[in-house]
1. Just checking, which of GLU28, GLU33 is modelled with pLDDT under 90, loosely packed, with under 10 Cβ neighbours inside 10 Å and either touching a strand residue (DSSP E or B) at 6+ places or on another chain (Cβ under 6 Å) or of a type in the set (D, E, K, R) (or both)?
2. Quickly run through segment 56-105 and pick out the residues that are farther than 16 Å from ILE43 by Cβ, in a loop (DSSP other than H, G, I, E, B) and among the polar types (S, T, N, Q).
Amino acid sequence: MNSRFFTMLIIALILAIGAALLAKRWVESHTGETPVNAEQNTILVKVAATDIPYATPIEKTQIKSIPWPRNNVPAQAITEEEFNKDPNILVGKVTQSDFYTDQIFLKPQIKDRGVGSTLSSLIQEGMRAISVRVDDVAGVAGFILPGNKADIIATRSQGEGGTYTLLKNIKILAIDQTASTGQDKPAVVRALTLEVTPKQAEALVNAMKTGSLQFTLRNPIDTDTYVEPIAEAQSPVTPVQTQPHRVMRKKAPVSVKILPWGSQNFMQCESGGAC
C-alpha cells in the first residue's frame with residue numbers, strides 16, 4: 001500500500017512539473033519575452049553624487065556610478081569603462097549648467113577648465129567676455145540672471161541722438177562676480193558680464209562712450225535669429241541741392257557787307273567795327 005502511494009505521488013509530481021514547463025513555454029511563445037539577467041542588461045554610468053553648481057570644477061568626490069539600462073544609455077554619457085581609462089574625462093572639468101544628485105553627466109554639459117579663471121572656461125570658442133556697468137533700471141530690476149539672454153538697446157546722447165537695438169540675443173555670463181545659475185531671486189547688480197563676438201565688443205564699447213544702454217530680457221524659448229549689430233545710429237542726411245552749372249558760350253562774330261560811298265566794291269566787316 002505504501003509503495004503504491006509513493007509511486008502515484010512521484011508520478012503526480014512529474015506530471016505537475018511537466019505541466020508547469022509546458023505552461024511556461026506557452027507563455028513565452030505568446031509574449032515573445034525571455035527572462036534576462038538584470039545585471040547583464042545594464043551598464044554603469046557616471047552621475048553627480050551631490051548637487052554641483054553651474055561653472056564649478058568637478059571633484060572626484062562629486063562623482064558616483066549607477067546602473068543604467070544598456071539599450072537606453074544616452075550617446076554622450078560617460079560610462080564606468082571610459083572613466084576608468086581616463087578619470088580626467090570628468091574630474092576637473094567645469095559644469096556648463098547646474099547638476100543635481102543622481103543626474104547623469106553628459107559630455108556637452110562639461111568643459112575643459114583650461115588656464116585662467118572659471119569664467120574663462122565658460123566662454124565659447126571665438127567669443128569674448130565684456131562687463132558693462134548697469135543700475136537697477138538698466139538691469140531689468142535685477143531679474144537678469146546668469147544664463148539669461150537679452151537684447152541691448154543704445155541711446156545716443158551726442159549729436160542728433162536716437163535710440164536703436166545695438167545687439168540681440170546676447171548671453172549673460174555673470175552678474176557682478178557671480179556666475180551661478182542657481183539664483184532665482186532678483187538682485188540689484190552693478191555689472192553684467194556678456195558673451196559677445198569681437199565686433200560686438202567694439203560696437204558695445206563705442207555705444208557706452210557715446211550714450212547709455214538699456215537691456216530687455218528675452219524669453220528662453222525665443223528662437224529669433226541672430227542679427228549683426230549696428231555700430232551706431234545713423235542720423236538722417238539731407239542731400240545737398242546743387243544748382244545746375246551754366247556754361248557761357250562765346251557768340252560767333254556777326255559779319256556784314258558795307259558798300260562805301262563812291263566805291264563799287266563791298267567791304268566785309270565784323271560786329272565791333274573791325275573791317
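1. Numbers: GLU28 fails: loosely packed, with under 10 Cβ neighbours inside 10 Å.
Answer to the check: GLU33.
2. Hits for segment 56-105 are THR56, GLN96, SER97, THR101, GLN103.
The values are calculated or read from the model by the stated rules, or taken from the named source; none is laboratory data. As the structure is a computational prediction, the values presented were derived from the model and not from experiment. Neighbour counts run over all protein chains shown; Cβ positions are idealised from the backbone, glycine included.
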